[in-house]
Amino acid sequence: MNYLEKLYRAVILDSELYEEVEADKSLTRQALMTVALVAIIEGIFSLGAQDQGLFLGLSQAIFGSVTRWVIWAFFIAFVGTRILPEPETESNTGELLRTLGFAYAPGVFYVFASLPVIGSIVQLLVPLWQLAAMVIAVRQALDFSSTTRAIGVCVVAFFLMVLTLVLFIMFTSFFIAIASNAIPVETPLIGV
């Protein structure tokens with residue numbers, strides 16, 4: 001099966017695809033390609049080139065999407081295997097990277113985001129579609145029998161991720177404030 005067929009199956013929320021992707025370590029690169037492809041499409045058709053150049057904007061979009069994808073997979077793996085596992089749950093971050101990467105696939109429909117009337121519907125529908133794909137991906141990767149548990153893992157992981165981000169921002173803001181209030185050295189130490 002080629003990459004486009006996998007994208008199609010991911011878009012139609014085929015749970016068997018997510019099971020296959022979970023088991024096949026060679027598909028991590030294709031999952032990464034899916035995340036990058038959706039970031040490019042979203043950057044061009046939905047966000048557009050704002051103040052910065054198109055290349056810089058797309059580079060930032062790709063870097064941001066890949067970073068969120070990796071962090072999200074880590075948090076889902078932690079919550080799903082440590083906090084809310086089922087007895088048969090056995091997974092790792094790699095499996096979640098693959099399945100969650102393909103869960104980005106409905107984002108290809110952002111190509112229609114710049115069209116009048118349809119664009120606003122696309123921008124409302126695609127994130128919900130991706131959320132549904134993500135729940136299926138989590139359910140399959142963590143071998144859950146319950147979709148409700150997969151939703152719960154996503155919610156708990158989201159709150160842990162937000163908490164971590166807030167703490168990181170507070171921590172860095174604290175040290176930036178200390179650094180900005182430091183007394184500058186007015187005379188050089190050598191050659192006085």
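The values are calculated or read from the model by the stated rules, or taken from the named source; none is laboratory data. The model shown is predicted, which means the values in this text are computed figures rather than measured ones. As a convention, Cβ positions derive from the backbone with ideal geometry for all residues, glycine included, and neighbour counts pool all protein chains shown.
A few points about this structure:
- Test result for Arg29, basic (Lys, Arg), outside any loop (DSSP other than H, G, I, E, B) and under 29 Å from Ile121 (Cα atoms): no
- Among the residues of the stretch 33-54, the one identified as more than 15 Å from Tyr104 (Cα to Cα) and at pLDDT 80 or above is Ile44.
- Residue check, Ala73 modelled with pLDDT under 95, buried (at least 19 other Cβ atoms within 10 Å of the Cβ), under 13 Å from the mean Cα position of the chain (by Cα) and in a helix (DSSP H, G or I): no
- When residues in the stretch 131-150 are screened for being surrounded by fewer than 17 Cβ atoms within 10 Å (Cβ to Cβ) and assigned to a helix (DSSP H, G or I), 4 of them pass.
- The stretch 88-139, residues that are modelled with pLDDT under 90 and hydrophobic (A, V, I, L, M, F, W, C): Ala113, Leu115, Val117
- Which numbered condition Gly43 misses (of (1) touching a residue at least 24 places away in the same chain (Cβ under 8 Å); (2) in contact with a helix residue (DSSP H, G or I) (Cβ under 8 Å, 6 or more places away or on another chain)): (1)
- Within the stretch 61-70, the set of residues being free of Cβ contacts under 8 Å to residues at least 12 places away in the same chain and more than 9 Å from the chain's Cα centre (by Cα) comprises just one member, Phe63.
- Test: residue in the stretch 152-172 that is loosely packed, with under 14 Cβ neighbours inside 10 Å and touching a helix residue (DSSP H, G or I) at 6+ places or on another chain (Cβ under 6 Å): no
- Considering only residues in the stretch 1-25 that are assigned to a loop (DSSP other than H, G, I, E, B) and over 13 Å from Met134 (Cα atoms), the one that is nearest to the chain's Cα centre (by Cα) turns out to be Asp24.
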